[in-house]
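Q: Right, I'll just put the structure down here and ask away after.
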Amino acid sequence: MAVIEVKDVRKGFDGLHVLKGISFEVNKGEAVCLIGPSGSGKSTMLRCINLLEDIDGGSIRVLGEDIAQLKDINTYRSKVGMVFQQFNLFNNMNVLDNCMIAQKRVLKTDPETARQKALLHLKNVGMADFVNAYPSTLSGGQKQRVAIARALCMEPEILLFDEPTSALDPEMVDEVLNVISDLNKQNMTMLIVTHEMGFAKDVADKIIFMDSGVVCEQGSPAQIFDDPQNERTRQFLKRVL
Amino acid sequence: MSLGKCLEILSKYKLSFLLGVRTTLIVAVLGTLIGLLIGLVVGGIRAIRLDKTAAPYKKVLKKAVDIIFRIYIEIFRGTPMMVQAVFIYYLVYTNIVRWDKMVAAIFVISINTGAYMAEIVRSGIQAVDPGQNEAARSLGMSSMQTMFDVVLPQAIKNAFPAIGNELIVNIKDSSVLMIISITELMFQSNSIAGTTYRFTETYFVTALIYLCLTSISSIILNAIEKKMNNTKTSLPQSDTDFKSISMAKEEL
């Protein structure tokens, strides 16, 4: 069952066409990786799904609804979690409050239940010892794990990852990728923009290769990495693998 | 000028000086606080960026309010507070209500400070990383919740040195309110100088008192700023550190 259906999506910024008719689907429980060179529109595509950007044409249906027609954007966003390249933890709150604030404000969860849920998810990402720490005192990998826990606290049906490891130094990449792999094992539906080809090959059910605002090729990791059909895909993979 | 005379004036007229200090502090502190409230509202609204998809009437309303706030800021930053004080005091006194001079003074200093605070708050909000806003919205928080829970607390922290500056400025600049016979420190000094004919000595004492007031304010403001920063930067290593940090947070 497709939970994200992207059809012929177009998007421009001041005359610059970033997305030129993108179509793909993500099924329930799948991990889909968006790969491709910088500036190909991968992050913009992800931001459109979270309604951080509006689209100029085409349609995006998520969980059966056209998201351009939604009346209650906030409820929709609470069901589609997003993890950012720059973590974006709330700097004025400690780790625990970062994980509790949206539960309290959006889901109207009572504080004790919110606290328990936050502690559970922080434990799962290995950050339970840092509940009182402020973001400025954490390493990049720790921040990103807290950001994932924060998104999970909303019990989202889909998680979007926008280059979750691009701002991390190499030694911290694994600790974040391990957390994402664990989520994959629990059948979380995920759309991941990444430059980590080894990781994409291991966890993805489907790989989508984008370049200059179009999808050049999509298929299973085996198809894309071992037997790419598209010339542009071959060029790109030759350089990064 | 003799220091002996200065001490003599200070001890003889200490009650007058103290009354002046009290009025100066009341006007300056209240003016700064009310000015900050005005600034939070005006600066907060000015910093709002409406979505492209917002209803047309909202866009028109926002534009109109922006223009009104802009005019308010330009007028009150662009004219001297002394002129504002006499003009507003007599305008209201002769046309609307015979209001108390003290009320008029606090009104004028508040609305004047508000114009500066609005710009301070707006720049503080704009200095907050847009990623903070995006993260809050992506979790489903409304724009209001995002503003109050995430953006404003960080904006106020960013802007705190500039906000504190306004208090120091107000302690000194409230002296112009003697133009509407507010018995603050400068007004008291004038009467003392007029009685003693010791102008140099009296105003030397006055200057020292102002310097004391502003120095003490600086120390207090620095302490508050340090405390605000402390909870965010200390590195928690052990359980005891965790406790001290959460305790420090509760004190705030």
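Q: With Cβ to Cβ distances under 14 Å as the rule, what net charge do the other residues near A:D66 carry (K, R +1; D, E -1)?
A: Computed value for this residue: -2.
Q: Provide the buried accessible surface between chains B and A in square angstrom, both chains summed, 1.4 Å probe, rounded to the nearest 100.
A: 2600 Å²
Q: Express the carbon and sulfur contribution to the solvent-accessible surface of chain B as a percent, rounded to the nearest whole number, probe 1.4 angstrom.
A: 67 percent
Q: Give me the percent of the accessible area of the range A:152-241 that comes from carbon and sulfur atoms, probe 1.4 Å, all protein chains in place.
A: The C+S portion of the solvent-accessible surface of the range A:152-241 is 42 percent.
Q: Name the residues of the range A:133-159 whose accessible area falls by at least 50 Å² when all protein chains are present instead of the chain alone, probe 1.4 Å?
A: Residues meeting the cut-off: A:Y134, A:T137.
Q: Treating cross-link reach as a plain straight distance, find the aspartates and glutamates whose alpha-carbon is under 20 Å from the alpha-carbon of B:K157, omitting any fewer than eight places away in the same chain.
A: Correct list for B:K157: A:D97, B:E119, B:D129, B:E134, B:D149, B:E166, B:E225, B:E250, B:E251.
Q: When the scattering of the range A:19-144 is computed by the Debye formula from its Cα atoms alone, each counted once and equally, what is log10 I(q)/I(0) at q = 0.11, 0.13, 0.19 Å⁻¹?
A: -0.51, -0.70, -1.20
Q: Ok, one more. What number, in percent, do you get for the relative contact order of chain B if the mean sequence gap of Cα pairs under 8 Å and at least 6 apart is divided by its residue count?
A: 30 percent
Q: Compute the separation of the alpha-carbon centres of the range A:185-221 and the range B:156-171 and state it in Å as a whole number.
A: Result: 50 Å between the Cα centres.
Q: So, one more: When the dipole is taken about the Cα centre of the range B:121-215, and only Lys, Arg (+1) and Asp, Glu (-1) are charged at their Cβ, what size is it in debye, to the nearest 20?
A: I would put it at about 60 debye.
Q: Kindly give Rg over Rh for the protein assembly as shown, based on alpha-carbon atoms, with the Kirkwood expression for the hydrodynamic radius.
A: 1.12
Q: Return the ratio Rg/(2.2 N^0.38 Å) for the range B:1-87, where Rg is computed over Cα atoms only.
A: Relative to the 2.2 N^0.38 Å estimate, the range B:1-87 comes out at 1.86.
Q: Can you work out ³J(HN,Hα) from phi for every residue in the range A:21-26, in order, using Karplus 6.51 cos²θ - 1.76 cosθ + 1.60 and θ = phi - 60°, giving whole Hz and x for Gly and Pro?
A: After applying 6.51 cos²θ - 1.76 cosθ + 1.60, I find x, 9, 9, 6, 10, 10 Hz.
Q: Say a site is exposed when it is one of the trypsin sites (Lys or Arg not before Pro), sits in a DSSP loop, and has at most 13 other Cβ atoms within 10 Å; what is then the longest site-free stretch of chain B?
A: Formally, the longest exposed-site-free interval is B:99-252.
Q: Also: Considering the dipole of the range A:134-174 built from charges on the beta carbon (Lys and Arg +1, Asp and Glu -1) around the Cα centre, which of A:A167, A:V146, A:P156 is farthest to its positive end?
A: A:V146
Q: In Å, the Kirkwood hydrodynamic radius of chain A over pairs of distinct alpha carbons?
A: For chain A, inverting the mean 1/r across all distinct Cα pairs yields 18.4 Å.
Q: Viscosity 1.306 mPa s, temperature 10 °C: what is the translational diffusion coefficient of chain B from Stokes-Einstein with a Kirkwood Rh over Cα pairs, rounded to a whole number of µm²/s?
A: 75 µm²/s
Q: Ok, one more. Looking at chain B as a GNM with Cα springs under 10 Å, which of B:A55, B:A85, B:A159 has the largest mean-square fluctuation?
A: Its mean-square fluctuation being the largest, the pick is B:A55.
Q: Tell me which of B:I68, B:G124, B:V83 sits at the most positive position along the dipole axis of the range B:30-154, charges placed on C-beta atoms (Lys, Arg +1; Asp, Glu -1).
A: B:I68
Q: Continuing with the same structure: Whole Å is fine, so just give me how far the alpha carbon centre of the range B:9-41 lies from that of the range A:143-157.
A: What the calculation gives is 49 Å, centre to centre.
Q: Let me ask you something else. In debye, nearest 20: dipole of chain A around its Cα centre with unit charges on the Cβ of K, R (+) and D, E (-)?
A: 380 debye
Q: Read phi for every residue in the range B:93-110 and hand back ³J(HN,Hα) as whole Hz from Karplus 6.51 cos²θ - 1.76 cosθ + 1.60, θ = phi - 60°, with x for Gly and Pro.
A: For the range B:93-110, the Karplus-derived couplings read 4, 8, 10, 10, 8, 7, 7, 5, 4, 5, 4, 4, 4, 5, 4, 5, 5, 5 Hz, x marking Gly and Pro.
Q: What net charge is computed for the residues neighbouring A:H195, neighbours being all others with C-beta under 11 Å from the C-beta of A:H195, Lys and Arg scored +1, Asp and Glu -1?
A: With Lys, Arg at +1 and Asp, Glu at -1, the net is -1.
Q: Along the charge dipole of chain B, Cβ charges K/R +1 and D/E -1, which of B:M186, B:T206, B:S142 sits furthest on the positive end?
A: B:S142
Q: With every protein chain present, what is the per residue accessible area of the protein assembly as shown (1.4 Å probe, Å²)?
A: 49 Å²
Q: If we count trypsin sites (Lys or Arg not before Pro) as exposed when they sit in a DSSP loop and have at most 15 other beta carbons within 10 Å, what is the longest stretch of chain A that avoids them all?
A: A:109-241
Q: Determine the dipole magnitude for the range B:1-121: charges of +1 sit on the beta-carbon of Lys and Arg, -1 on that of Asp and Glu, nothing else is charged, the reference point is the Cα centre, and the result goes in debye to the nearest 20.
A: Charge dipole, the range B:1-121, about its Cα centre: 220 debye, nearest 20.
Q: Restricting the calculation to Cα positions, tell me the Rg (one decimal) and the Dmax (whole number) of the range B:94-138 in Å.
A: Taking only Cα atoms of the range B:94-138, I get Rg and Dmax of 18.4, 55 Å.
Q: Something else now. Under 5 Å between amide H atoms, partner at least 5 residues away or on a different chain: which partners does A:G36 have, H built in plane at 1.01 Å?
A: Counting only residues 5 or more places away or on other chains, the set is A:M210.
The values are calculated or read from the model by the stated rules, or taken from the named source; none is laboratory data. Given the structure is predicted, the values throughout are model-derived calculations rather than measurements. Neighbour counts are summed over all protein chains in view; Cβ atoms, including those assigned to glycine, are modelled from backbone coordinates with ideal geometry. Accessible surface areas use protein heavy atoms only, side chains included; no ligands, DNA or RNA. Shrake-Rupley method; radii C 1.70, N 1.55, O 1.52, S 1.80 Å.
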